[in-house]
Structure formats: structure tokens, C-alpha cells
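Reading through the C-alpha cells given below for one structure.
The values are calculated or read from the model by the stated rules, or taken from the named source; none is laboratory data. Keep in mind it's a predicted model, so treat the numbers as computed, not measured. All Cβ positions, glycine included, derive from the backbone under ideal geometry; neighbour counts span all protein chains shown. These area figures cover heavy atoms from the full protein model, side chains too; ligands, DNA and RNA do not enter into them. Shrake-Rupley method; radii C 1.70, N 1.55, O 1.52, S 1.80 Å.
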Amino acid sequence: MVVQIEIPPGSSGQITIKVKGFDKIISLESKIKILITNIDSVRYAEKTIIEDRRRLGMSRAVGFRYGKRFIVGTFVEWERGKVVFWNIHNKKAAVCGNVIVIVLKNERYNELVLEIDDSERVMSELKRVIGQT
């Protein structure tokens, strides 16, 4: 498990994203708490998200990137004007549908790009709590 997402049963409160293992040290994050009202949308990542974003130019703020395989931490995407937290370990995760993108408003991150083991369950729960169909 790369990250663990705790989602409350109701549609109020906040979700908690727990960063696991060595990633806590690399990213200097152990928990990211997000108010549900600040989640704009959730979606599966494009199959080519790693290659596409790399071409746009990402500057590392705090984190580590090893080619197309391993991206963990906070990155600034200058061309898009966004601060994005990444946690991906497997370059094929997006192709397999295991990477989700959580688009945020009024938070320090504009997006969270996360590799999730049980992405279908997490995606449906997130859509339920934010009222996205």
C-alpha cells in the first residue's frame, strides 16, 4: 500500500491521507488532511500522466523523482501554475487504473496524484462524500 485514505462515513468533515513507509521521510509528509468541502473533483489519472506532466516541467519542492517509475513529494508545475503532491511507485499504475487525481480548492496543494491499491473502492467513496456522479 502506497498511501492510505481514511474517508468519513458522512459527507462532512475531512479525509486523511496517510503517507506510508520511507515516503514519509522523502516527502516530509506523514498525513495530509483535506476538508471534504475543499475537494473540487476526483478522477482516474490519464494513462500517460507521468510522461505528460514530465514534459510540462516539474520543479521539485520537497520530494524525489526517479525517471518515470517513482515520484514522491511536493512538486511545482510551473506551466500549469499548480502545486501538486505526488505519490506513485509503479510507472504502470496509471495504465492499470490505480492512480487517482484529487483536485482541490482553498488548500496548499492544487492536486493530489496518488497510487491507490483499491482505487475503485476509494474512488466510489470519494465521489459519494463529495456528491460527484
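All but one of (1) modelled with pLDDT under 85; (2) touching a helix residue (DSSP H, G or I) at 6+ places or on another chain (Cβ under 8 Å) hold for Asn98; state the number of the condition that does not hold.
Condition not satisfied by Asn98: (1).
The rows are residues; the columns are (1) at positive phi; (2) open to solvent by 30 Å² or more (accessible area, probe 1.4 Å); (3) at pLDDT 65 or above.
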| site | (1), (2), (3) |
| --- | --- |
| Pro8 | no, no, yes |
| Ile17 | no, no, yes |
| Gly21 | yes, yes, yes |
| Glu51 | no, yes, yes |
| Arg55 | no, yes, no |
| Val62 | no, yes, yes |
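Please state which one of Lys105, Lys127, Lys91 is in contact (Cβ under 8 Å) with a residue 12 or more places away in the chain, open to solvent by 50 Å² or more (accessible area, probe 1.4 Å) and farther than 24 Å from Pro8 by Cβ.
When all the criteria are applied, what remains is Lys91.
Would you please name the residue that is surrounded by the fewest Cβ atoms within 10 Å (Cβ to Cβ), looking only at residues in region 108-124 that are among the acidic types (Asp, Glu) and in a strand (DSSP E or B)?
Applying the filter and picking the extreme gives Glu111.
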